[in-house]
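Working notes, structure below.
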Amino acid sequence: MKNYEFVDKPERAWALPYIMIIMAAMILASNHIIARYFNGILPPIGLVFWRMTIGSVVLLPFAVKGVINHRAIIREHWKLFLIMAFLFVPLGNGLIYVGYNYTTALNGGVVSTAQPALTVLLSWVLFRDLVNWKQGTGLLLAAIGVLIILTRGAPENLTVFQPNVGDITILLATVFVALHNVLLRSVPKQISTLSFMLVIQVIGVIITLPIYIIETIFVRAMPFSYASVGALLWVGIAITTIAVALTNSAVRMIGANKASMGNYVRSLFTALLAIVILGEELKIFHAVALTMVISGVYLMTRSKNTK
């Protein structure tokens, strides 16, 4: 018999976090596609309400013990958790779903890719984190990319600036999510990632419930069909729980900078799925804007702050 030499697991393990990042990016890209595909069918606030409700139920058995053990710390920082829940649930994810009633997945995908750039900017505004020349250049490139989307690639539109309401709404949502991410540094280190996620999602459900009731009565009720329930289960389990868990695990294994490649991969998957599934047309200004935003985010996440 021949002797076969096998590669030790540690030598192959380097690929695992990158596989996790790619899987998370594919799942997160589907969020944009679902939001656009079901626009006019699934009410946006209802979508975010059920997404957080399902996500909370899935997380409960894994995170409730940590929440109970650290309930005193959570009570002490209740204002922080309340603000972060507002930013992440109704203002962040809720506005994203509202925005997709008025714009394409291609546009929204490019705009939301600027989130890391906005996080750096808000870190400077709120905490005076130093921004070096690479980060400044990256921020400028990302801003130009977003502006290209808002003007549909026509500079003359700046003179009569009338951006699509959906693009502006998703940009605002991206700002709120970026602000939520900036505040992560203030979360007590004793709180685990899963426990934190559970607290934010449960608070988000409570906050969103009265808005959801108003939406149901005066705007549109959530239709419960096989398609809608499938979409809700997907965003609640895959997007809210699995994608976040994969991303967080990868960050712990290879660091935030290397894991930020997920932003680029997600934007590419979003564009591909938008073209294949939604039949959207990729125009030159989309490609230019995406290149600018990805280049800007790359510069910002690959540079180190000077102290």
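Entry remark, segment 72-124: residues being farther than 23 Å from THR291 by Cβ and small (Gly, Ala, Ser) number 5 in total.
Only a single criterion out of (1) in contact with a helix residue (DSSP H, G or I) (Cβ under 9 Å, 6 or more places away or on another chain); (2) at pLDDT 95 or above is not satisfied by PHE88, namely (2). Scanning segment 102-157 for residues that are assigned to a loop (DSSP other than H, G, I, E, B), crowded, with 18+ Cβ neighbours inside 10 Å and touching a residue at least 24 places away in the same chain (Cβ under 8 Å) returns THR103, THR104, THR113, ALA114, VAL131. The single condition from (1) touching a Ser or Thr at 6+ places or on another chain (Cβ under 9 Å); (2) surrounded by 15 or more Cβ atoms within 10 Å (Cβ to Cβ); (3) not acidic (Asp, Glu) that ARG185 fails is (2). Taking the listed residues LEU95, LEU80, LEU87, LEU28, the one that is in a helix (DSSP H, G or I) and farther than 21 Å from THR241 by Cα is LEU80, with no other qualifying.
The values are calculated or read from the model by the stated rules, or taken from the named source; none is laboratory data. Just so you know, these numbers come straight off a predicted model, no measurement behind them. In this analysis, Cβ positions are derived from the backbone assuming ideal geometry, glycine residues included, and neighbour counts consider all displayed protein chains.
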